[in-house]
1. How much of the calculated P(r) for the stretch 47-136 lies past 21 Å, in percent of all Cα pairs?
2. Between the stretch 143-165 and the stretch 101-117, what is the C-alpha centre distance in whole Å?
3. Taking 0.36 nm per residue of separation and subtracting the Cα-Cα distance, what length does fully extending residue 186 through residue 29 add?
4. Per the Cauchy relation, a quarter of the hull surface: what is the mean projected area of the convex hull of the alpha carbons in the chain, in nm²?
5. With contacts defined as alpha carbon pairs under 8 Å and 6 or more residues apart, what's the relative contact order of the stretch 7-85 in percent?
6. Summing +1 for each Lys or Arg and -1 for each Asp or Glu, what net charge is found among the other residues whose Cβ lies under 10 Å from the Cβ of residue 51?
7. Could you check the spin-label model distance between residue 123 and residue 173? Points 7 Å from the Cα along Cα→Cβ, value in nm.
8. Using helices alone, what [θ] at 222 nm do you get for the chain, with -39,500 (n - 2.57) per DSSP H run of 4 or more residues, divided over all residues and rounded to the nearest 500?
Amino acid sequence: MTASGGGPAARGPRGAEAIHTAVLDLLAADGYARLTVEGVARRSGVNKTTLYRWWPSKPALVAATFRHAIARDLPVPDTGALRGDLVTLVRSKAAFFADGPGRLAADVLAHTGADPELARLADELLGQHGTHVSEVTGRAVARGELAGPVDDVLLADLLLGPVWLRAVVTRRRMSTADADALVDTLLAGLRR
């Protein structure tokens, strides 16, 4: 299965790291609208046909780059406690979207309303974050910290909504105190 079909993160063309670096560099320099697959090929030193073999479109290539950044920069925390995991998750996601690849992702995804392919990319990336929440709550249920099933989609939305609002709309950095308060407020509701 190819990267465009959601295959394993480890799969990809030779030079994948150079490709992802080129995408991020070009996004930072010129923005999404001016990014081209041809420009990524030139910058990375990888043949354009190789890029199209793995990613059939610019949004697919950008999505793969952001998936790679998320997998590399946002491991799912395992502190041994639900609160610790959620606090670490929110803090790390707030930091991710404030700087570097995450900041670029926020900038690109701020334009999803005008582009259906970007809207699908947003759904995919936010779904990846939802998977992180699901892993954390699954361990919490197994440890007995949470009773019964949890609506992980809703919890991910509640946790990540404020992070996303600050990253994309207000561009205010979420403090650690804000992240802690957000988690504590949600935990109070979950444990009722």
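1. Details: 1471 of 4005 pairs.
Result for the distance tail: 37 percent.
2. First find each Cα centre; the distance between them is then 23 Å.
3. Numbers: separation 157, 0.36 × 157 = 56.52 nm, distance 3.82 nm.
Full extension from residue 186 to residue 29 adds 52.7 nm.
4. Values: hull surface 44.6 nm².
Average of the hull's projected areas for the chain equals 11.1 nm².
5. Details: 47 pairs, mean separation 24.1, N = 79.
After rounding, I find 31 percent.
6. +2
7. Label at residue 123, label at residue 173, 3.5 nm between them.
8. Numbers: 9 runs with 129 residues, N = 192.
The helix contribution divided over the chain gives -22000 deg cm²/dmol.
Taken together, the values in this text are just the output of simple stated rules run on the coordinates, not laboratory data. Just so we're clear, the structure is a prediction, and the values are computed from it rather than from any experiment. Here Cβ is always computed from backbone atoms with ideal geometry, including for glycine, and neighbour counts include all displayed protein chains.
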